[in-house]
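First up is the structure itself, then whatever we jot down about it.
The values are calculated or read from the model by the stated rules, or taken from the named source; none is laboratory data. This is a predicted model, so every value here is computed, not measured. Quick reminder, even Gly has a Cβ in these numbers, built from the backbone with ideal geometry, and neighbours come from all protein chains shown.
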Amino acid sequence: MGRIRRWAPRIVGIVVTLACLVGAGRLLWPQPGLDEQPGATERQLAFVRATLDEGSDTAAQELFPEGYVFSNVLYGLAWVQAAHTDSALRDDALREARWALARVESDEGRAVFSPRLQPAYGVFWAGWTNWLRGAILSLDHSDTAAVHQFSASSAEIAQAFSTADTPFLQAYQGQAWPVDSTVAMASLRLHDKLFGAKYTAVIDRWLEQAKTRLDPATGLLPHQVSSADGSMMTGARATSQTAIHRFLPELDPAFAKNQYSLYREQFVAYPGGFGPALREYPKGVEGSGDVDSGPLIAGISLSATVVAQGAARVNGDRDLAAAIGAEGELLGLPVSLPGSKRYAFGLMPIGDAFVVWSSTARLLTEPTTVYERDLRWWWRLPWLGMLILIAIAPWAWTLAGLARHRWRETVTD
């Protein structure tokens with residue numbers, strides 16, 4: 001027992017030091033470029049699929065109203081994005097994305113949305129579902145029934161926007177968020193990309209209306225608006241901004257570039273010198289977290305930071321995308337196994353769905369242009385300093401003893 005007590009601290013120290021070395025390696029390991037994707041993408045998707053088979057989408061629905069849809073739609077979209085980068089994945093992507101679409105279109109997928117809204121089941125459900133339909137067709141549009149469904153759904157969405165007094169349609173009765181309408185509009189642009197210009201006038205009208213309803217404090221699209229006239233109720237927040245900037249380049253690259261610059265200036269932060277990460281509220285504004293943002297740490301939303309990687313990728317912001325990816329490998333507690341990879345020990349599968357969707361993000365309607373703006377060159381140093389301190393902490397007493405011994409020898413001499 002005495003030997004165990006003597007060796008236990010050393011074993012703990014070795015484990016902690018090795019863990020810190022692994023963490024430093026993950027932080028420093030080169031991240032994939034904008035036209036690449038993580039090598040573990042297929043293993044990430046395998047883990048998400050396994051959890052969906054076990055009911056993780058139903059469990060996510062208990063956490064927030066869109067949990068079921070997001071769990072499935074992001075899984076399907078990540079497969080499509082991965083196949084656009086690696087054509088060898090095309091057949092698997094079509095099979096899995098169609099499977100995910102069927103779940104989103106099911107009674108369970110539509111259960112919390114109202115069929116009486118325009119478009120039916122609200123613009124959140126209609127927009128994300130239609131984007132997934134179009135994404136699948138971007139890989140293969142030989143299925144005439146799928147093409148007809150995409151065309152019919154796109155026409156319904158376009159009609160709803162054409163007859164509305166506001167550019168921001170309802171996701172739920174009496175509730176509207178601009179991000180949802182942005183996704184729906186992107187699906188119309190994707191329709192035009194695949195099958196010829198049909199909704200240009202609808203998209204242009206939407207953009208003109210949206211530009212007149214920006215948050216005056218930030219110059220960005222607001223978080224929540226009045227369902228009656230689209231007037232702002234809640235100013236810009238990172239939870240919705242990161243998703244907006246994932247889709248805005250699909251609609252209007254010039255407008256997207258201007259909006260992305262404003263967003264980057266006001267939401268990317270380095271709390272305590274650590275970062276980059278995404279504030280939930282613009283700089284100078286404080287607020288509390290909610291079901292969308294999750295708990296805030298020093299004002300930072302972890303969920304928004306994850307989605308920001310995808311926004312950075314499609315906006316050509318390779319430095320920010322790489323930094324968030326590296327931080328995720330350090331802080332996300334990834335567990336890599338031969339057939340799967342999961343984050344946070346796999347405790348929140350919907351988080352893994354957001355990660356793989358963001359890390360494979362790419363534009364489907366426009367080429368990506370490079371965004372030339374560097375990060376702080378020293379952003380890794382605080383993380384490395386923290387790892388060094390943690391690594392030597394278990395040896396502090398031993399090191400202090402050696403220092404005292406050396407001092408005594410020096411005094412004696």
request  = Of the numbered conditions (1) farther than 25 Å from GLY332 by Cβ; (2) free of Cβ contacts under 8 Å to residues at least 12 places away in the same chain, LEU251 fails exactly one; give the number of that condition.
outcome  = (2)
ask   = Which residues, taken from segment 222-238, are surrounded by fewer than 24 Cβ atoms within 10 Å (Cβ to Cβ) and either under 21 Å from the mean Cα position of the chain (by Cα) or under 26 Å from PHE354 (Cα atoms) (or both)?
value = HIS223, GLN224, VAL225, THR234, GLY235
remark   = Of the conditions (1) touching a residue at least 12 places away in the same chain (Cβ under 8 Å); (2) out of contact with any Leu (no Cβ under 9 Å at 6 or more places or on another chain), the single one that VAL80 does not satisfy is (2)
key: Of all residues in segment 195-221 being within 18 Å of SER153 (Cβ to Cβ) and within 25 Å of the chain's Cα centre (by Cα), the one that is surrounded by the fewest Cβ atoms within 10 Å (Cβ to Cβ)   = ILE203
remark   = Across segment 156-182, the tally of residues that are crowded, with 23+ Cβ neighbours inside 10 Å and either out of contact with any Gly (no Cβ under 8 Å at 6 or more places or on another chain) or not in a loop (DSSP other than H, G, I, E, B) (or both) stands at 11
ask   = What is the residue count in segment 320-343 for residues that are among the polar types (S, T, N, Q) and surrounded by 19 or more Cβ atoms within 10 Å (Cβ to Cβ)?
value = 1
query = Going through segment 15-60 one residue at a time, which ones are acidic (Asp, Glu), touching a residue at least 40 places away in the same chain (Cβ under 8 Å) and part of a loop (DSSP other than H, G, I, E, B)?
reply = ASP35, GLU36
ask   = Here are some conditions: (1) touching a Ser or Thr at 6+ places or on another chain (Cβ under 6 Å); (2) in the same structural domain as HIS84 (by TED's automatic domain parsing); (3) part of a helix (DSSP H, G or I). GLY351 meets all but one. Which one does it not meet?
value = (1)
ask   = Limited to segment 332-382, what total is found for residues that are among the β-branched types (Val, Ile, Thr) and out of contact with any Lys or Arg (no Cβ under 8 Å at 6 or more places or on another chain)?
value = 4
task = Could you figure out which of (1) in a loop (DSSP other than H, G, I, E, B); (2) over 19 Å from GLY33 (Cα atoms); (3) among the hydrophobic types (A, V, I, L, M, F, W, C) isn't true of LEU387?
result = (1)
task = Read through the list (1) surrounded by 14 or more Cβ atoms within 10 Å (Cβ to Cβ); (2) in the same structural domain as PRO9 (by TED's automatic domain parsing); (3) modelled with pLDDT under 95, then give the number of the only condition that THR410 fails.
result = (1)
remark   = Subset of segment 340-373, residues modelled with pLDDT under 95 and of a type in the set (D, E, K, R), comes to GLU366, GLU372, ARG373
